[in-house]
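Notes follow once the structure below has been shown.
The values are calculated or read from the model by the stated rules, or taken from the named source; none is laboratory data. These numbers were taken from a predicted model, which means no experiment stands behind them. So basically every Cβ, Gly included, is an ideal-geometry build from the backbone, and we count neighbours across all protein chains shown.
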Amino acid sequence: MKDGTILVIDDEPDMRRALRVALIAHGYEVTDVRSGEDALHAFQKLAPDLVLLDLNLPGMGGLETCRAIRAVWESAIIVLSVRNSEKEKVDLLDAGADDYIVKPFGIEELLARIRAALRRSASARDLPPMLALGDVEIDLKKRRVRRGDRHIGLKPKEFELLQFLILHMGDIIPHRRLLQAVWGPEYGSEFEYLRVTINRLRKKIEPDPANPKYIVTEPKVGYGFVLPEETRVNYPQA
């Protein structure tokens with residue numbers, strides 16, 4: 001049984017070959033293409049669980065490819081790049097990438113990142129499809145949030161953090177675990193990232209952000225998601 005299907009997008013034949021050999025040896029089913037255009041065509045048939053996306057692509061660039069994939073599909077996306085620009089990382093994460101790895105990297109690190117991304121994707125499939133928090137509706141399958149008739153835009157990391165908290169509803173999740181689950185395994189002490197993202201989420205979904213009723217804080221421990229008794233959880237009709 002395969003551990004998952006992976007699409008490698010890289011214009012360097014040697015890199016595609018090396019990744020294909022290593023990933024197949026670790027139980028993954030692998031397809032590789034050399035451009036963003038080829039990737040979008042491949043998606044029509046493959047629907048891979050995860051994408052390894054190089055940024056330096058001919059034709060459609062890596063950022064455009066990331067946006068095009070995320071606009072239609074929910075596959076996990078890990079970006080591979082020789083560039084270590086913080087702005088570039090932010091742009092890619094905002095475009096929907098799940099993780100960003102700077103080349104050169106070790107195969108064990110890559111495998112760990114792949115396992116983490118696939119776990120997050122699998123966990124997301126277990127979520128209830130719809131939550132109604134007062135006048136705010138969260139569509140967890142379509143990754144959409146609305147207040148009445150108005151769309152509420154959540155950045156990818158904001159949505160992933162909200163999704164992870166909802167998945168572990170009722171639990172207080174330690175800061176370090178939240179950082180590693182949402183930002184990646186190399187994170188753990190960047191508490192400011194977490195605090196800022198939590199504050200943004202509260203402003204977008206809480207009726208009174210200064211006195212949150214859904215996203216709660218356990219001082220010096222972490223954050224959790226709770227539902228008052230009147231909150232609706234909507235499941236599809238059988």
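Of note:
- Failed item, numbered, when Ala39 is tested on (1) outside any loop (DSSP other than H, G, I, E, B); (2) free of Cβ contacts under 8 Å to residues at least 40 places away in the same chain; (3) under 25 Å from Gly153 (Cβ atoms); (4) not charged (D, E, K, R): (3)
- Selection of the range 76-90 for residues being touching a strand residue (DSSP E or B) at 6+ places or on another chain (Cβ under 7 Å), farther than 13 Å from Lys103 by Cβ and hydrophobic (A, V, I, L, M, F, W, C) yields Ala76, Ile77.
- Leu154 passes every criterion in (1) under 21 Å from Val79 (Cα atoms); (2) modelled with pLDDT of 85 or more; (3) not in a loop (DSSP other than H, G, I, E, B) apart from (3).
- Restricted to the range 53-75, and to residues there that are in contact with a strand residue (DSSP E or B) (Cβ under 8 Å, 6 or more places away or on another chain) and within 19 Å of Leu118 (Cβ to Cβ), the residue that is modelled with the lowest pLDDT is Arg70.
- Inside the range 175-187, residues that are exposed (fewer than 15 other Cβ atoms within 10 Å of the Cβ) and either in a helix (DSSP H, G or I) or not charged (D, E, K, R) (or both) make up a count of 2.
- Qualifying positions in the range 17-36 - part of a strand (DSSP E or B) and either over 23 Å from the mean Cα position of the chain (by Cα) or not acidic (Asp, Glu) (or both): Val30, Thr31, Val33
- Boolean, Ala117 is within 30 Å of Leu52 (Cα to Cα), crowded, with 19+ Cβ neighbours inside 10 Å, at pLDDT below 85 and assigned by TED's automatic domain parsing to the domain that holds Ile101: yes
- Filter pass, Asp14 being at pLDDT 90 or above, within 19 Å of the chain's Cα centre (by Cα) and either buried (at least 20 other Cβ atoms within 10 Å of the Cβ) or not small (Gly, Ala, Ser) (or both): no
- Annotation: of all residues in the range 17-49 being surrounded by fewer than 20 Cβ atoms within 10 Å (Cβ to Cβ) and small (Gly, Ala, Ser), the one that is nearest to Pro104 (Cα to Cα) is Ala18.
- Ala71 satisfies every condition listed in (1) surrounded by fewer than 19 Cβ atoms within 10 Å (Cβ to Cβ); (2) closer than 24 Å to Gly27 by Cβ; (3) of a type in the set (A, V, I, L, M); (4) under 14 Å from the mean Cα position of the chain (by Cα) except (2).
- Of all residues in the range 145-203, those that are touching a residue at least 24 places away in the same chain (Cβ under 8 Å), under 20 Å from Pro219 (Cα atoms) and among the acidic types (Asp, Glu) total 1.
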